[in-house]
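Asks: Sharing a structure below in structure tokens format, with a few things to ask.
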Amino acid sequence: MAFFAYAGQRLTESQWIDVLGRLRATRRDIFLIGEGNNATRLGAFDGLFFYASNVFQGDEIRDFDRAQSLTARTYHLLPNAGRRRVWVATVSPGYDDTRLADGRVARVSNRDDGRYYDRQWQNAIDMRADWIVVTSWNEWWENSEIEPSERYGDVYLRATNTWTSLFRVQ
């Protein structure tokens with residue numbers, strides 16, 4: 001089974017190795033994709049993703065995806081690193097947490113009439129991601145939902161369908 005460990009940096013690599021060792025000792029076949037933006041836990045993880053792709057504006061995502069892809073997919077070339085790791089690109093339609101009143105500094109990544117989402121998908125495909133995940137289906141409070149809505153209709157579901165079709169043929 002594949003699992004995604006959000007905030008994977010909260011445990012050390014040795015702690016993850018211990019947790020996974022105990023799980024695998026019970027004959028559970030765990031494939032763990034760790035969340036983070038560097039390789040500090042890749043000795044334990046089977047792959048790498050970064051949940052908050054929406055922190056990038058414009059074409060910054062291309063540079064980030066390139067670095068993430070190289071980090072994950074070349075890790076096995078290090079001495080004693082073992083198998084190749086999976087790189088999972090994250091795409092997001094946008095982000096806007098300005099309506100949250102929880103004390104955080106508000107952040108906005110404008111959807112730009114769908115172009116923001118398209119740009120993230122195109123970059124993930126161009127970088128030949130092993131897998132792609134979407135942030136998110138229904139996180140309305142962050143305005144990162146692709147679920148049908150009065151505001152966007154089914155635009156993002158149709159876009160997701162188009163992009164996943166393109167991803168499958170790569």
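The values are calculated or read from the model by the stated rules, or taken from the named source; none is laboratory data. Every value quoted in this text rests on a predicted model; they were computed, and no experiment measured them. FYI the Cβ positions are ideal-geometry reconstructions off the backbone, even for glycines, and counts take in every protein chain you see. For the accessible areas, the whole protein counts, side chains as well, though only heavy atoms, and no ligand, DNA or RNA atoms are used. Shrake-Rupley method; radii C 1.70, N 1.55, O 1.52, S 1.80 Å.
Asks: Write out, first by first residue and then by second, each pair whose Cβ atoms fall under 9 Å of each other, whose residues are 6+ apart or on separate chains, and whose first residue, in region 85-101, is touching a residue at least 12 places away in the same chain (Cβ under 8 Å) and within 14 Å of Trp141 (Cα to Cα) while the second is among the basic types (Lys, Arg) and buried (at least 22 other Cβ atoms within 10 Å of the Cβ).
Replies: none
Asks: Of all residues in region 83-102, which are of a type outside the set (Val, Ile, Thr) and either open to solvent by 80 Å² or more (accessible area, probe 1.4 Å) or not in a loop (DSSP other than H, G, I, E, B) (or both)?
Replies: Correct list: Arg83, Arg84, Trp87, Ala89, Tyr95, Asp96, Arg99, Ala101, Asp102.
Asks: So Val105 passes all but one of these: (1) at pLDDT below 95; (2) touching a Lys or Arg at 6+ places or on another chain (Cβ under 9 Å); (3) not in a helix (DSSP H, G or I). Which condition number does it fail?
Replies: Only one criterion is unmet by Val105, namely (2).
Asks: Across region 127-162, what is the total count of residues that are without any contact (Cβ under 8 Å) to a residue 60 or more places away in the chain and in a loop (DSSP other than H, G, I, E, B)?
Replies: Qualifying residue count for the region: 14.
Asks: Only one of Arg24, Arg115, Arg111, Arg107 is of a type in the set (Lys, Arg), closer than 21 Å to Phe167 by Cβ, open to solvent by 60 Å² or more (accessible area, probe 1.4 Å) and free of Cβ contacts under 8 Å to residues at least 60 places away in the same chain; which?
Replies: Arg115
Asks: Which condition does Ala52 not pass, out of (1) touching a Lys or Arg at 6+ places or on another chain (Cβ under 6 Å); (2) touching a residue at least 24 places away in the same chain (Cβ under 8 Å), if it passes all the others?
Replies: The one condition Ala52 does not meet is (1).
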